[in-house]
1. Using the Cα centre of the chain as the reference point, and only Cβ charges (+1 on K/R, -1 on D/E), how large is the resulting charge dipole? Debye, rounded to the nearest 20.
2. Over the Cα atoms, compute the radius of gyration (one decimal) and Dmax (the largest Cα-Cα distance, rounded to a whole number) for the chain, in Å.
3. Loop-only check: which trypsin sites (Lys or Arg not before Pro) in the range 48-126 are DSSP coil with at most 15 other Cβ within 10 angstrom?
4. Given a Förster distance of 35 Å, report the FRET efficiency between ASP304 and ALA227 from their Cβ-Cβ distance, rounded to the nearest 0.05.
5. Roughly what angle does helix 289-300 make with the longest principal axis of the chain, taking Cα atoms, 0 to 90 degrees, to the nearest 10?
6. Please report the Cα spread of the range 8-142 along all three principal axes, rounded to whole Å, starting with the longest.
7. Taking 0.36 nm per residue of sequence separation and subtracting the Cα-Cα distance, how much length would be gained by fully extending the chain between ARG71 and GLU91, in nm to one decimal?
8. Which Cα, out of VAL208, PHE90, VAL299, lies furthest along the positive dipole direction of the chain (beta carbon charges, K/R +1, D/E -1)?
Amino acid sequence: MTKRKLGNSDIEVRPLMLGGNVFGWTIDEARSFQILDAYSAAGFDFIDTADMYSRWVPGHKGGESETILGRWMKSRGNRSRIILATKCGFEMGDGKKGLSRKYILQAAEDSLKRLDTDYIDLYQSHTEDLETPLEETLGAYAALIRQGKVRAIGASNYSSARLEAALDTSARLGLPRYESLQPHYNLYDRAAYENSLEPICLRHNLGVIPYYALASGFLSGKYHSAADAPKSPRGEGIIKKYLNDRGAQIIAALEDVARAYRTKPATVAVAWLMARPGITAPIASATTLDQLQDLFHAVGLKLDPSAIEKLNRASA
C-alpha cells in the first residue's frame, strides 16, 4: 500500500482517511473503538476529526470525537503510529470561533487535552475567517509549529481566492503555508472543486483530502427513491440534493462499474476519487465493519480508463 506525501510536508499517509465525525454521534465509544481497531489493523493510519464534532447533537458541546480518539490512542498505546488531523475555527459556543491568534492558541490547547497528546500532525482551519488577517492566523500556526505542538497546517472549506491569498501571504512573509486542502468533493459534487480549487492545488503541490467522499452515503447506491432515505434531517438533505435525474444517472453508472468489477458502488466511488489527479486521501466515515471493508477494497481497486470515462460522463 503506497504512501502519499501531504503537500511539501514530511508527512506521509496511506491513501484513505477515516472520518471521525461519527464518533460519539452515530456510533458510541465502544463501536468507535471497534472501527478504529479494524482500520489500524488493516495498515491505515490517517484519521480526521475536529473540535466541533459533534456539537450539533442535542446535549453535546463539541469535542466528543476528539475525546474518544484520545481515549482510544491512550488505551492502545499507538499515538506514534497515527497521523492525526483536527480542525478549529467553527463556532464552539460562548463566542469561541474564528482564526484569531488568541483563539487558535487556546483551541489548540483544548484539542490537545481532549486528544490526550502533545502534538497534532495536521492542524486545519475549518472555515474561512474574513475578519482576521491571514498573517495573524498563519503567525499563530507558526508559533504552534515552533513549540512542537503542530507538524503541518491545512485549510478546509476555503474559497479559491482565500486559498491563493493565504499561500501568497505565507510565501511573502516566510510563514508556514497550508500544505493541504480539505474540500467538499465527490462524484456528484464536482464543479466547485474542479473548476477553481483543483488548479491551485496542483500548481502549489497541496495535498487534497476531500470530505463527503460518499455524498452523505448517497454514492453507496442504497438510496434510489425518497422511501429509501432515513426519516431524519440527513435523509431530507439526501432527498432534496441527490434524488434527481443526474443523481440517478450517476448511481446507474456506479452500479454498472461495480458489477463489472464485482464490488460495491461505494468502493467504486472512493476508487474514482483516488484516481483523480492530486488527491492524497479521500475522507470517508464508517459505522459498521462491512462499510469499512468497502472502503479498504477501494485502495486496491484500479479503475481502467473506460470505467473512469463512464463515471465522468454520468457525473459531468
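1. Working: 40 positive and 37 negative charges, 80 e Å.
That gives the chain a dipole magnitude of about 380 debye.
2. Cα only, the chain: 19.0, 55 Å (Rg, Dmax).
3. Details: sites: ARG55, LYS61, ARG71, LYS74, ARG76, ARG79, ARG81, LYS87, LYS96, LYS97, ARG101, LYS102, LYS113, ARG114; in loops: ARG55, LYS61, LYS96, LYS97.
Hits after loop and neighbour filter: LYS61.
4. Working: r = 35 Å, r/R0 = 0.99.
It comes to 0.50.
5. Tilt of helix 289-300: around 90 degrees.
6. Over the range 8-142, Cα extents along the principal axes are 43, 40, 23 Å.
7. Numbers: separation 20, 0.36 × 20 = 7.20 nm, distance 2.41 nm.
The span from ARG71 to GLU91 would gain 4.8 nm if fully extended.
8. VAL299
Here, each number is a calculation from the coordinates, and none is a lab measurement. Source: prediction; values computed, not measured. Cβ: placed from backbone, ideal geometry, glycine included. Neighbour counts: every protein chain shown.
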